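The values are calculated or read from the model by the stated rules, or taken from the named source; none is laboratory data. None of the values given here were measured: they were computed from a predicted structure. Because the Cβ atoms are built from the backbone with ideal geometry, glycine has one as well, and the counts that use them run over all protein chains shown. Please note that ligands, DNA and RNA were not included when accessible areas were found on the heavy atoms of the full protein model with its side chains. Shrake-Rupley method; radii C 1.70, N 1.55, O 1.52, S 1.80 Å.
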Amino acid sequence: MANPFRSRIRKPVRRGSAENYILLTLLTFAGSVALTRLFLEVTRYPQLGRGELHVAHVLWGGLFLFIAALLPVIWINRWIYTVSSILAGIGVGLFIDEVGKFITQSSNYFHPAAAPIVYAFFLLTVVVYLQVRRGTPEDARSALYWALDALSEVLDSDLEPIERQAIETRLLVVIDQDENEDFTRLARHLIDFVNSDTLTLAPEEPGLYERVVAWWEKFESKWLTLPRLKAALVGGLIALGAFAVYDLFQLSISIQNPTRLSETITDVVLQGKIASTSGLFWFLARVVLEGLVGATLILAAGLLIFRRERLGIFLAVLGLLLSLTVVNLFVFYFEQFSSIFPALVQALLLLGAISYRRRLNLGMAGR
């Protein structure tokens, strides 16, 4: 005999627009960490509290996270998920920024491992975003879940024509798959409802995301032409690659000269970047990896210059991905949060390379 409790357990269904909510969390997470570090640096690390009391910003992060968790539990409106996503990003940024205090016996906020841990956590969230953005095959149950959730816009008098069309598309999926008679009957009734002449629709007004996308597409077509994008990519790749290769070149010269090598190591130690033999090993590994990736980026730029676009873009994307996911873990350890801006430049170049590849493929397909 089937267990009635187990028969009611259902597999989870991905929420509509989940990728947009995660993107909001990612952006506010990154902004929260960056602005917190900038604020503390500018204000010389002030403390809230007197005497033995110290209200660390990890507590504010926990408060934001708690509010973000409570909001969708209390309210059912769809806009609550946007607010919750933003608060969650701010909260996790404030929370994880103090990770150095919780991985050391001395509660060292400035421990070198803190920055790469924060960066690695951000990268893992990016992986989650990319996985959710890919989507999953939609069955009748998932399509009906999505349609019922979207119908809440009717209750808020905010259902737009494009949203009605999206609901109808999902309901037709339910009918076409015909997996469950109850699902199909419900879907037919809902289609009749959304197509009713008495249903009041809100005027078509693009949201913030749609307006930003429209502005970017207009800016891209007018100013960021393919030749200009290529020139910016080539310049950025050469600049990033040159700095990395230069450091590797300097290290190779120092290795051949014992006196110069001793001076280099002393200089690095005085800067506080290494404090042990293992630290020296990881510093050398960082310089070598950076140099190799830098050489890859320069090679990619050269291929783009000589019109070997496909191979050049492939190497550019490969090099930038390696830099963002592997090399930067070392860089953040030694350079700490001053590496945020270079990482942002690398991310922008990666987006530019992907955009160039997409537009190049479209151009080739149109010929």
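Things to note:
- Scan of region 8-32 for residues that are among the charged types (D, E, K, R) and open to solvent by less than 50 Å² (accessible area, probe 1.4 Å), ordered by number: GLU19
- Residue in region 308-355 that is most open to solvent (accessible area, probe 1.4 Å), counting only those that are among the polar types (S, T, N, Q) and either assigned to a loop (DSSP other than H, G, I, E, B) or on the phi < 0 side of the Ramachandran plot (or both): SER338
- Restricting attention to region 198-252 and to residues that are of a type in the set (Asp, Glu) and over 23 Å from the mean Cα position of the chain (by Cα), the residue that is most open to solvent (accessible area, probe 1.4 Å) turns out to be GLU205.
- The residue of region 112-141 that is farthest from VAL173 (Cα to Cα), among those that are of a type in the set (S, T, N, Q) and under 19 Å from the mean Cα position of the chain (by Cα), is THR125.
- Criterion (open to solvent by less than 20 Å² (accessible area, probe 1.4 Å) and within 18 Å of LEU344 (Cβ to Cβ)) met by exactly one of VAL126, VAL118: VAL118
Yes/no per residue for (1) touching a residue at least 40 places away in the same chain (Cβ under 8 Å); (2) among the polar types (S, T, N, Q); (3) surrounded by fewer than 14 Cβ atoms within 10 Å (Cβ to Cβ):
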{"position": "VAL83", "(1), (2), (3)": "no, no, no"}
{"position": "GLY100", "(1), (2), (3)": "no, no, no"}
{"position": "GLN131", "(1), (2), (3)": "no, yes, yes"}
{"position": "ARG141", "(1), (2), (3)": "yes, no, no"}
{"position": "ALA166", "(1), (2), (3)": "no, no, no"}
{"position": "LEU186", "(1), (2), (3)": "yes, no, no"}
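- Cβ pairs under 7 Å, 6+ apart, first in region 301-321 and free of Cβ contacts under 8 Å to residues at least 24 places away in the same chain, second in a helix (DSSP H, G or I) and β-branched (Val, Ile, Thr): LEU315/THR296; LEU318/THR296
- The set of residues in region 168-183 being without any contact (Cβ under 8 Å) to a residue 24 or more places away in the chain and open to solvent by less than 40 Å² (accessible area, probe 1.4 Å) consists of ILE175 alone.
- One residue alone among ARG367, ARG358 is open to solvent by 60 Å² or more (accessible area, probe 1.4 Å), among the basic types (Lys, Arg), assigned to a helix (DSSP H, G or I) and at pLDDT below 90, and that residue is ARG358.
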